[in-house]
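So the structure is just underneath, and the comments pick up after that.
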Amino acid sequence: MNAIVSVTNDWGIGLKGRLLVRNAKDMAYFKQNTMGGTVICGQTTFQSFPGGALEGRRNVVLSIDPTFSAPNAEVYGSLEEALTAVEGEDPNTVWAIGGESVYRQLLPHCSCVLVTKNDVQMEADAFFPNLDENEDWEVASVKEGGVTKAGIPYSFVTYRRR
């Protein structure tokens, strides 16, 4: 399994259920990498998608609300159920996509994390674990991304489990 995430300098990923940095190229990178695979997210992340389930991908949603249902998605009440649901798939096509609690639960199952690093500090209430401070992870590659319309420089960093 892999994870894909967009972070700020302090590894912030969101504020009040919304992404911190708007970046069309990052969205295209996300789509390119996850298309045709399976995405696993929490209920709040799923509900933040403007069009509902992400097209061209199997959508797996973790929710503690037993009444929650999501059109064109599979909803599971536990991490174990979700992992069982995807266990027969190629692990390179299964993606953890947020939010914070889902990333923290699934990171031990990941072998690769694609991180869009935005060179900016912003208020955040959700964070991804800092892989630079985790000896289990190393940088495998860095690709310059450019600058967002708001003037924020960013790069695409691939981390691999040691």
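No lab work stands behind these numbers, since they all come straight from the coordinates. For clarity, every value in this text was computed on a predicted model and none was experimentally measured. Positions of Cβ are generated from backbone atoms using ideal geometry, with glycine treated the same way; all protein chains shown enter the neighbour counts.
Points to keep in mind about this one:
- Number of residues in the range 105-136 that are among the basic types (Lys, Arg) and in a loop (DSSP other than H, G, I, E, B) equals 0.
- Qualifying residues in the range 52-84 (those that are out of contact with any helix residue (DSSP H, G or I) (no Cβ under 7 Å at 6 or more places or on another chain) and of a type in the set (Ser, Thr, Tyr)) - the one nearest to residue 110 (Cα to Cα): 84
- Selection count where residues are part of a loop (DSSP other than H, G, I, E, B) and of a type in the set (A, V, I, L, M), scope the range 1-19: 1
- Of all residues making up the range 117-149, the number that are loosely packed, with under 13 Cβ neighbours inside 10 Å and of a type in the set (Lys, Arg): 2
- Residue pairs whose Cβ atoms lie under 8 Å apart, sitting 6 or more positions apart in sequence or on different chains, and linking a residue in the range 75-104 that is part of a loop (DSSP other than H, G, I, E, B) to a partner that is of a type in the set (A, V, I, L, M, F, W, C), are 77/62; 77/64; 78/62; 99/13; 99/41; 99/126.
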